[in-house]
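Chemist: Sharing a structure below in structure tokens format, with a few things to ask.
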Amino acid sequence: MPGTSTTTEQIPIRVFGGPTALFEYGGLRFLTDPTFDAPRDYHVPGGRLTKTAPASAAPSGLGRIDVVLLSHDEHPDHLDDSGRALLADVPLTLTTPGGGQRLGGGARGLADWEPIELDRPGGGTITVTGVPAVHGPGPREEVEPVTGQVVGFVLTGDGLPTVYVSGDNASLDLVKEIAERFGGVDTAILFAGAPRFPVLFDGALIVLDSAQAAEAARILGARRVVPVHYHSWAHFTEGRDELIAAFTDAGLLDRLDLCDRA
């Protein structure tokens, strides 16, 4: 089965705030959605985004980054000024097809279910597969003109755990498709926080809330869930307490790993 791994070892993950996390996998170091600016307001079409807390580390303290997994490049709460500067020093950024064109340089876009093989230090490969995500309620063709393209990622390799990075996804139906294709997931890095904006989709969720994150964990059969994207920004409406409550209610609290911020 594609999602079956031969190891029970947990990959090390550091969470820095917002959607930004660093993990080591198969000898390579991956960073999700880099956001390292100081707290500030960002003016965006139809309003503003407010960062309320700094990241718990600076880019200079991260060490080597081999790959950035960027769910989307168009919103500053996923790629801010500091994050854009960081990309210049990273050999490869995997993102949406549109983002790959906009960013240029070492950026490459992945379409739905498109894989790329990365060489592992010492031999062997890691496969990173782009998986679908929708940044809002309803069909993608209705949502994407408003919030843009988003991509998630599944990482696999011989003798390695299967890792899913959701990106800004609000669709449990897509989570089911991913589970069907890859089988069981060892670690799911789930973007949560229940973000809402009154001016978008009548205030409906544009990313998973805490209860949906717990349901996604159940669908995926995830042995470990590391939530990100639930603190450090004003538009997140649910945080740590809601996640703990939701996973407790679902009987999945033993799978929740909040990875105390580095």
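Readers should treat all values here as calculations from the given coordinates under stated rules, not as data from a laboratory. Worth saying up front: this structure is predicted, and the values here are computed from it rather than measured. With ideal geometry, Cβ positions are generated from the backbone for all residues, glycine too; neighbour counts draw on all protein chains shown.
Chemist: With segment 11-124 as the region, which strands (runs of 3 or more DSSP E) entirely inside it contain at least 2 residues that are of a type in the set (Phe, Trp, Tyr)?
Modeler: Answer list for segment 11-124: 20-25.
Chemist: Scan 183, 251 and give me the residue that is without any contact (Cβ under 8 Å) to a residue 12 or more places away in the chain and over 17 Å from the mean Cα position of the chain (by Cα).
Modeler: Only one candidate passes the filter, namely 251.
Chemist: Mind listing whichever residues of segment 165-183 are closer than 18 Å to residue 209 by Cβ and buried (at least 19 other Cβ atoms within 10 Å of the Cβ)?
Modeler: Once the filter is applied, which keeps residues that are closer than 18 Å to residue 209 by Cβ and buried (at least 19 other Cβ atoms within 10 Å of the Cβ), segment 165-183 yields 166, 167, 168, 169, 170, 171, 174, 175.
Chemist: Another question about this same structure. Write out, first by first residue and then by second, each pair whose Cβ atoms fall under 6 Å of each other, whose residues are 6+ apart or on separate chains, and whose first residue, in segment 71-89, is more than 21 Å from residue 129 (Cα to Cα) while the second is assigned to a helix (DSSP H, G or I).
Modeler: Here the result reads 86/59, each pair linking segment 71-89 to a residue that is assigned to a helix (DSSP H, G or I).
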